Structures are given as structure tokens and as C-alpha cells.
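The values are calculated or read from the model by the stated rules, or taken from the named source; none is laboratory data. Not measured: the values here are computed from a predicted model. In this analysis, Cβ positions are derived from the backbone assuming ideal geometry, glycine residues included, and neighbour counts consider all displayed protein chains. The protein model used for the area step is the full one, side chains on, heavy atoms only, and it has no ligands, DNA or RNA in it. Shrake-Rupley method; radii C 1.70, N 1.55, O 1.52, S 1.80 Å.
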Number of protein chains: 2
Amino acid sequence: MTVSSEFDRYPKTGRFLAGRLRSEMSEAEKTELEGLVVDTITLRDGARAIARGDACNWSAILIDGFVLRTLENGGRRYAVSFHVPGDFVDLHCFALRRLDHNIDCVGEATFGRVPHDAIARVMEQRPHLARLFWFATLLDAAMHREWIMKLEQSTVPKRIAHVFAEIWRRLEMVGQAFPDGFQTPLRQSEIAEMCGATAIHTNRALADLRRNDLADFRRGEVRIRDRARLEDYAGFRPDYLYGEGSLALRRAG
Amino acid sequence: MTVSSEFDRYPKTGRFLAGRLRSEMSEAEKTELEGLVVDTITLRDGARAIARGDACNWSAILIDGFVLRTLENGGRRYAVSFHVPGDFVDLHCFALRRLDHNIDCVGEATFGRVPHDAIARVMEQRPHLARLFWFATLLDAAMHREWIMKLEQSTVPKRIAHVFAEIWRRLEMVGQAFPDGFQTPLRQSEIAEMCGATAIHTNRALADLRRNDLADFRRGEVRIRDRARLEDYAGFRPDYLYGEGSLALRRAG
DNA sequence: CGTCACCTTGATCTGCCTCAAAAACCGTGG
DNA sequence: CCACGGTTTTTGAGGCAGATCAAGGTGACG
């Protein structure tokens with residue numbers, strides 16, 4: 001089942017868990033999920049889709065575009081994670097009731113809206129799908145953890161390399177990558193926000209990466225010649241993304 | 001319902017969600033949860049309770065002690081979060097199947113073990129309790145996000161202050177804090193691992209905090225005179241901990 | 001009372017920040 | 001097609017937080 005054929009049949013949710021546990025979803029579950037989306041909404045670049053403290057009675061799945069999960073403190077914005085199409089960006093909100101962070105669009109982004117009572121119905125009537133929903137939110141936590149380690153460990157050029165490696169893999173899983181890189185609406189200032197660096201230093205770090213032929217970022221496009229070299233440089237091990245086949249089992253406890 | 005009376009009646013799980021949504025749990029749910037724990041296990045200081053890549057068919061709730069959630073890379077260990085009694089430390093494992101990180105004991109720690117088929121039963125028969133389980137794992141994600149922001153934003157002394165502020169609050173929620181601070185088995189080297197700093201620099205930063213009368217850490221004990229000052233210095237806003245009453249609603253979307 | 005683990009101190013070096021400015025790019029309207 | 005203003009990227013110089021290397025202390029415990 002390719003990503004694109006799934007997307008033809010389920011235009012709003014066909015990328016959900018693509019490359020991960022989507023293979024575990026029955027057609028009935030896929031249909032159910034597609035039916036949960038009551039409407040779609042498209043927001044422009046820079047728009048704040050959801051703000052910290054909002055109480056929502058619906059959750060949003062990202063259908064198209066790129067968003068940042070951000071926190072603000074002392075007047076500055078910090079990106080704590082990002083999302084690609086197929087990600088159920090604030091499924092959290094169902095269990096948390098109110099969000100602790102913002103969802104900001106980078107470039108134009110289209111969301112599908114799912115009312116919370118529909119999710120509650122899934123919890124009651126479809127435990128397997130509920131478990132997949134849970135899984136999807138835990139994926140975010142796993143990515144957060146990797147990011148914490150990355151921030152604790154590496155210099156800015158390596159952090160950027162790691163971001164690039166992760167974006168590339170995740171876009172690939174949902175069928176939106178090129179063989180030699182990917183497109184992205186991110187600006188340097190936003191990469192800086194993701195890496196805990198200033199835009200100026202990020203610019204110099206990007207120049208380093210270019211000079212060392214690790215990654216070539218320029219306005220909206222990232223080109224990478226040698227994936228293994230980039231991932232090695234970044235200390236990127238994709239298993240935390242829980243792609244199919246990764247993080248191989250070691251033993252049953 | 002005080003933490004201690006709950007703990008008398010539910011000696012293994014009485015601190016679960018204490019200070020958060022425990023008030024939402026019915027007695028039947030509390031009893032059900034207590035019954036999920038089939039046995040307990042006590043590990044010594046430094047023991048690795050769960051290792052990355054392990055496939056588990058059970059999850060662990062921390063009954064007593066302090067643990068770190070860690071990742072390793074390039075031979076070094078990085079702490080990405082910590083847990084206090086009452087935390088269902090690897091509930092994740094139920095939905096993720098295999099863990100992306102380690103759980104390491106700091107000091108002696110006692111866990112209750114819950115088989116996954118028991119959790120599956122909860123998913124099917126007790127949607128409300130299942131939702132609380134989900135909530136508990138999302139709490140971890142919210143704390144991760146705050147940590148990412150902290151790492152992106154602050155200097156080491158502020159990070160340490162933030163760790164102290166968070167530990168204190170969380171211990172308080174489960175009834176294990178003092179009015180003027182808390183006890184902790186953490187060593188300076190472990191605080192360093194939590195803050196993405198070297199032990200040496202952490203030592204100097206701790207000296208700073210002491211000199212400025214913000215926090216006095218010494219072997220196993222942290223004393224804080226002026227909580228507001230510490231929290232203010234750290235930029236600590238406790239709402240992300242989702243304690244009762246915090247992160248007030250702004251509007252219904 | 002010696003050993004081991006942990007904490008403390010000193011000196012040097014580097015990654016990244018800040019302030020300041022210029023150059024390239026992009027959409028718009030004439 | 002070019003002139004224009006705003007946004008994004010690039011470059012330069014100086015300073016500080018934190019890393020690294022290298023020793024000393026200090027306390028707990030056999």
C-alpha cells in the first residue's frame with residue numbers, strides 16, 4: 001500500500017501513521033478515521049492555529065503544510081517540535097483539555113478538524129484505534145526526548161543537521177521527500193528557533209554545513225548529497241521515529 | 001482527600017495523579033488500578049530498570065524513589081526527564097511496544113509492575129481510566145516541551161534553578177516535599193546530565209545559586225528560602241505540570 | 001587511616017551571543 | 001521592465017558562558 005494510493009482513498013487522513021503503524025489499521029478503522037474529520041481549514045503563513053491555554057473541544061490533523069509547536073517565554077518564541085502532513089497535531093488536547101503550547105503555521109497549512117466527542121466515541125467503541133491514537137501522541141514524546149538529548153549534546157551545526165535529517169525522514173514516510181532532499185517553508189530564523197540559537201549564528205552554521213558538503217539549505221529547499229554522512233555527522237539514529245522495522249526488539253521482558 | 005490518606009488506602013498506586021486528576025478517579029477506578037499491580041520490585045542505586053530497545057509486556061509505576069529517563073549517544077548518558085513516586089514511568093511501553101530510552105535509578109527505587117494485558121483490559125472496559133492513563137503520558141510530553149524550551153533559552157544556573165523548582169513542585173504534589181525544600185538522591189553529576197552541562201560547570205553554577213541565596217544544594221538536600229524568587233529567576237511557570245487549577249481555561253474553541 | 005566517590009578550584013580555549021551594518025531577494029505598483 | 005520597501009540572508013568585531021585539562025579537597029566507610 002503506497003502512501004499516494006492511501007491518500008487517494010483517504011484524502012484527509014491517508015497519511016496518518018504512514019510508514020509506521022498504518023499497516024495495522026483495518027479498512028474499517030481508516031474509514032472511521034476519515035469520517036471523524038468534520039471540516040477542513042486553511043491558514044496562512046505565520047498564523048497561530050492553536051494558542052496556549054485554549055480549551056478546545058476538537059483536535060486538528062495536519063493535512064497539508066508545515067507547522068511548529070512553540071512555547072513563549074520572556075517575549076521570545078521557541079520551537080519545541082514540528083509537524084508534517086499526516087500528523088495529528090493536537091490529539092493531546094483531547095486528554096489534556098487545554099494545551100500548554102501553540103501551533104504556528106510556517107507557510108500555508110491545511111488542517112482537518114475532529115470533534116472531541118467523536119474521539120471519545122473511538123475510545124469507547126474502538127480500543128484498537130484508540131491505542132493507535134495513543135501511540136501517535138507518544139511518538140511526539142519520543143521525538144521530544146531525542147531533541148532534549150540533541151540540545152544537551154551538540155553544537156548548533158549538528159543540531160541543524162539533526163533537524164534536517166529528521167524532517168527528511170518524516171517527509172519521506174508520508175511521501176513528500178525527494179531522493180536528494182526536501183522542500184520546506186522554513187526560514188533561517190525558524191531553524192534558529194528550533195535549535196536554540198540566534199539567527200545569525202544559524203546562518204554561519206548553515207554556511208559551515210554547505211562548505212563541508214553536508215547539507216545545502218537555501219530558501220525553501222534542502223539538498224543533501226550523502227545521507228549517511230549527514231546522519232552520521234548529526235548522530236542521527238532514526239529508530240526513535242518508530243518507523244516500520246526500526247528499534248528492533250531485543251528481548252521480551 | 002490528602003495524599004497520605006490515599007497512600008494508606010492504596011499503598012502501591014495512591015500517589016498516581018495526586019495533585020492532578022486523581023480527584024476525578026472513582027473509588028472503583030482506584031481499586032482497579034491498585035489491583036493492576038501484580039508485584040513490586042526494588043532496585044539499587046544506579047540500576048537500569050528498563051533499557052532502550054527492551055520489549056516489555058508489562059509497565060512500571062514508581063512507588064518509591066527517584067529515577068531518570070535517559071538516552072545514550074557517543075558513549076555519554078543524557079537525562080531527558082525524571083520521575084517521582086506516583087509516576088507511571090513507562091506506561092508508554094504499552095502503546096509503543098518497545099522503549100526508545102532507559103529508566104535508571106538514582107538511589108534505591110521501588111516499582112510496581114503492571115502486565116500489559118491488564119492495561120489492554122482497561123482500554124476495553126474502562127474508557128475513563130484509559131483516558132487518565134493517556135493523560136498521564138501526555139504530562140510527560142508537556143514536561144519534555146518545557147525542558148526543550150529551557151534548554152534553548154537559559155544558561156546553566158537557570159536550568160538548574162528550573163530543575164529544582166520542578167522537582168520541588170512535583171514532590172509536593174505527591175506529599176514528599178518540605179516547606180523549605182526537598183531531599184533528593186541526585187548528585188551534581190546527575191544534575192549536570194539533566195542540564196546538558198559538565199559536572200564542573202554545574203558545580204560552579206550551584207555555587208552561584210548558593211551565593212545569590214537562590215537555592216542551597218548539598219549532598220542530598222536542597223533548601224530554598226524564597227520560592228518566588230527562585231521560580232522567577234528560573235522563568236518557571238508551573239502550569240505545564242497540569243496541577244489542579246493551573247493553566248486556566250481561556251475560551252472554549 | 002587509607003581508599004574511593006564526590007565535590008571544589010584554577011587556567012586556558014572555543015562556540016555562540018550581542019551589537020551593528022550591508023547585501024541579496026521578493027512582491028508590488030508604476 | 002524597473003524602481004521600491006520590506007523581509008531574509010550574509011558579514012564583521014568584541015565579549016562572555018561554558019568546555020576541557022589538570023589538580024586539590026572533603027567526607028563516608030571499611
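Just need a number here: residues in region A:85-115 that are assigned to a helix (DSSP H, G or I) and surrounded by fewer than 22 Cβ atoms within 10 Å (Cβ to Cβ).
The total comes to 1.
For A:Q183, only one of the following conditions fails: (1) within 14 Å of chain B (Cβ to nearest Cβ); (2) within 16 Å of DNA strand D (Cβ to nearest atom). What is its number?
With respect to (1) within 14 Å of chain B (Cβ to nearest Cβ); (2) within 16 Å of DNA strand D (Cβ to nearest atom), A:Q183 is out only on (1).
How many of the residues making up region A:237-253 are at the interface with chain B (Cβ under 10 Å from one of its Cβ atoms) and either at pLDDT 95 or above or not in a loop (DSSP other than H, G, I, E, B) (or both)?
Total meeting the criteria: 4.
Somewhere in region A:67-90, is a residue among the hydrophobic types (A, V, I, L, M, F, W, C) and within 24 Å of B:L132 (Cβ to Cβ)?
Looking through region A:67-90, at least one residue is among the hydrophobic types (A, V, I, L, M, F, W, C) and within 24 Å of B:L132 (Cβ to Cβ).
What do you reckon, is B:R22 within 24 Å of B:H144 (Cα to Cα) and not in a strand (DSSP E or B)? Can you show your working first?
On the way: within 24 Å of B:H144 (Cα to Cα): yes; not in a strand (DSSP E or B): yes.
Criteria met by B:R22.
Quick one: in region B:60-74, of everything that is over 14 Å from B:I119 (Cα atoms) and away from chain A (no Cβ under 11 Å), which residue is surrounded by the fewest Cβ atoms within 10 Å (Cβ to Cβ)?
That would be B:D64.
How many residues does region B:126-156 contain that are out of contact with any Leu (no Cβ under 6 Å at 6 or more places or on another chain), assigned to a helix (DSSP H, G or I) and under 28 Å from A:A192 (Cβ atoms)?
13
With the requirement that a residue be away from DNA strand D (no atom under 15 Å from the Cβ) and either surrounded by fewer than 24 Cβ atoms within 10 Å (Cβ to Cβ) or of a type in the set (A, V, I, L, M) (or both), what does region A:155-165 give you?
A:A161, A:A165
Quick one: is B:I167 of a type in the set (A, V, I, L, M), modelled with pLDDT of 95 or more and assigned to a helix (DSSP H, G or I)? Before you say what the answer is, go through the steps one by one.
On the way: of a type in the set (A, V, I, L, M): yes; modelled with pLDDT of 95 or more: yes; assigned to a helix (DSSP H, G or I): yes.
So B:I167 fits the description; yes.
Return the residue satisfying two criteria in turn: it lies in region A:15-65 and is among the polar types (S, T, N, Q) and within 26 Å of A:Y78 (Cα to Cα), and of such residues it is modelled with the lowest pLDDT.
Among residues in region A:15-65 that are among the polar types (S, T, N, Q) and within 26 Å of A:Y78 (Cα to Cα), the one modelled with the lowest pLDDT is A:N57.
Out of (1) away from DNA strand C (no atom under 16 Å from the Cβ); (2) modelled with pLDDT of 95 or more; (3) farther than 21 Å from B:D226 by Cβ, the odd one out for B:R131 is which?
Tallying (1) away from DNA strand C (no atom under 16 Å from the Cβ); (2) modelled with pLDDT of 95 or more; (3) farther than 21 Å from B:D226 by Cβ, B:R131 fails exactly one: (2).
Pairs under 7 Å by beta carbon, first residue in the same structural domain as A:L21 (by TED's automatic domain parsing) in region A:171-188, partner at pLDDT 95 or above, six or more apart or different chains?
Taking only residues 6 or more apart or on different chains, not a single pair turns up.
Quick one: would you say A:R44 is away from chain B (no Cβ under 12 Å) and crowded, with 19+ Cβ neighbours inside 10 Å?
Considered against the rule, which asks whether it is away from chain B (no Cβ under 12 Å) and crowded, with 19+ Cβ neighbours inside 10 Å, A:R44 comes out as no.
Restricting attention to region A:116-139, which residues are in contact with a strand residue (DSSP E or B) (Cβ under 7 Å, 6 or more places away or on another chain) and either open to solvent by 10 Å² or more (accessible area, probe 1.4 Å) or farther than 23 Å from A:A55 by Cα (or both)?
The first filter runs over region A:116-139 and keeps only residues in contact with a strand residue (DSSP E or B) (Cβ under 7 Å, 6 or more places away or on another chain), leaving A:116, A:119.
A:H116 - this is the single residue of region A:116-139 that is in contact with a strand residue (DSSP E or B) (Cβ under 7 Å, 6 or more places away or on another chain) and either open to solvent by 10 Å² or more (accessible area, probe 1.4 Å) or farther than 23 Å from A:A55 by Cα (or both).
Let me confirm something: among B:E146, B:E152, which residue is among the acidic types (D, E), within 13 Å of DNA strand C (Cβ to nearest atom), within 14 Å of chain A (Cβ to nearest Cβ) and open to solvent by less than 20 Å² (accessible area, probe 1.4 Å)? Working first, answer last.
Values: B:E146 fails: within 13 Å of DNA strand C (Cβ to nearest atom).
Residue meeting the stated conditions: B:E152.
If B:I191 meets every condition in (1) touching a Phe, Trp or Tyr at 6+ places or on another chain (Cβ under 9 Å); (2) without any contact (Cβ under 8 Å) to a residue 60 or more places away in the chain; (3) away from DNA strand D (no atom under 16 Å from the Cβ) apart from one, which number is that one?
(3)
Just to be sure, is A:A205 in contact with a Cys (Cβ under 9 Å, 6 or more places away or on another chain) and among the small types (G, A, S)?
Judged against the criteria, A:A205 is a match.
Please enumerate the residues belonging to region A:174-220 that are charged (D, E, K, R), assigned to a loop (DSSP other than H, G, I, E, B), open to solvent by 60 Å² or more (accessible area, probe 1.4 Å) and more than 13 Å from DNA strand C (Cβ to nearest atom).
Matches in region A:174-220: A:D213 only.
Among the residues in region A:226-233, are any within 14 Å of another protein chain (Cβ to nearest Cβ) and surrounded by 15 or more Cβ atoms within 10 Å (Cβ to Cβ)?
Yes: one or more hits.
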